Amino acid sequence: MSRPRSDPRRRLPALLLVLFGLLSTGCGGSSDTAGGDSAETVAAADVTVLMMGNSHTTVANLPAQLGALLRAGLPGKTVAVAVAPGWMFLDERVDHRASLDLLRSRAWSAVVLQAQKYSTSGAFSYSTLGAELLVQAARGQQAVPVLFPEWPRRGVAETARIYDLHVTIATAQPACVAPVGQAWDLALQRDPTLRLHSSDGNHADVPGAFLAALVLYAGITGRSPRALPDIDNGVAPATQAQLRAAAADTLDAVPARRHCPADAPLASVPPTRSAHHHEGP
């Protein structure tokens with residue numbers, strides 16, 4: 001999870017290096033969880049996405065689902081989704097050598113940033129400096145930075161607070177802000193029987209990760225997920241259609257690119273010649 005128990009100190013980033021270290025990611029603290037495409041796949045792809053976060057980024061095959069959506073929505077282009085090493089908060093990530101090595105290893109199409117610390121009680125404030133520095137670093141690699149506010153915990157009305165915190169980051173350093181929590185709220189409002197959360201009430205089940213991936217797709221590409229086809233993720237076609245509608249309707253009301261209007265959509269990316277929580281007081 002990514003709910004911190006004490007205020008982090010504001011830290012300057014470690015020296016940004018230019019070595020390559022493709023491992024895997026995931027929640028606060030560190031762990032090695034498989035996910036993401038190989039370095040060779042990333043090197044050869046037209047569209048490359050780097051995801052940095054904790055277990056909410058890697059759970060329920062979210063990177064693979066995002067990659068499948070990008071391939072479906074960007075026909076004729078090759079896609080790779082890489083996942084930075086370890087499960088950690090963004091203020092930890094900004095001092096993590098292997099993550100910075102990977103970020104600086106190439107130009108990326110987009111960098112998805114998840115795991116900003118926040119107080120679940122609302123009584124504490126946590127620095128957003130780490131997230132802001134990572135947004136800057138992503139732009140230094142020619143990437144569109146996409147902030148990934150987490151979905152709310154089951155039964156907890158915290159969507160607006162989490163989203164607004166990420167808007168403050170995007171106000172300081174322009175970045176797209178994916179309205180993931182709003183899409184979850186709308187989907188569950190329309191059909192309370194949907195199983196978006198896993199049994200712990202915090203992490204996503206596969207349908208919930210699919211819904212998050214749909215919203216991230218919009219932030220990365222600048223396109224609506226409304227016309228995307230079904231993907232092979234084990235979620236019933238009827239449920240995928242429900243979730244696509246919830247994501248698209250949410251994005252009509254809360255555009256993922258509201259806070260990054262100067263970033264061009266990925267339509268201009270040329271194809272290859274041969275034919276992608278939080279713990280607190």
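Taking first residues from segment 134-148 that are closer than 11 Å to Ile169 by Cα and basic (Lys, Arg) and partners that are open to solvent by less than 10 Å² (accessible area, probe 1.4 Å) and assigned to a helix (DSSP H, G or I), no Cβ contact under 8 Å between residues at least 6 apart in sequence or on separate chains turns up.
Considering (1) at pLDDT 90 or above; (2) open to solvent by 10 Å² or more (accessible area, probe 1.4 Å); (3) not hydrophobic (A, V, I, L, M, F, W, C), the lone condition that Thr48 does not fulfil carries the number (2). Out of segment 131-163, which residues are within 19 Å of Thr48 (Cβ to Cβ), outside any helix (DSSP H, G or I) and open to solvent by less than 30 Å² (accessible area, probe 1.4 Å)? Selection gives Gln141, Ala143, Val144, Pro145, Val146, Leu147, Phe148.
I need the full set of residues from segment 230-261 which are under 19 Å from Val206 (Cβ atoms), open to solvent by 60 Å² or more (accessible area, probe 1.4 Å) and either part of a helix (DSSP H, G or I) or not small (Gly, Ala, Ser) (or both), in order please. Asp230, Asp232, Pro237, Ala238, Gln242, listed by residue number. Residues of segment 195-205 that are surrounded by 19 or more Cβ atoms within 10 Å (Cβ to Cβ) and more than 18 Å from Leu251 (Cβ to Cβ): His197, Asn202, His203, Ala204.
For the subset of segment 97-127 comprising residues that are surrounded by 24 or more Cβ atoms within 10 Å (Cβ to Cβ) and at pLDDT below 95, which member is farthest from Gly67 (Cα to Cα)? Within segment 97-127, the match that is farthest from Gly67 (Cα to Cα) is Tyr118.
The values are calculated or read from the model by the stated rules, or taken from the named source; none is laboratory data. Owing to the predicted nature of the structure, the values given are computational and were not obtained by experimental measurement. Here the Cβ is made from the backbone with ideal geometry for all residues, glycine too, and neighbour counts use every protein chain on show. Accessible surface areas use protein heavy atoms only, side chains included; no ligands, DNA or RNA. Shrake-Rupley method; radii C 1.70, N 1.55, O 1.52, S 1.80 Å.
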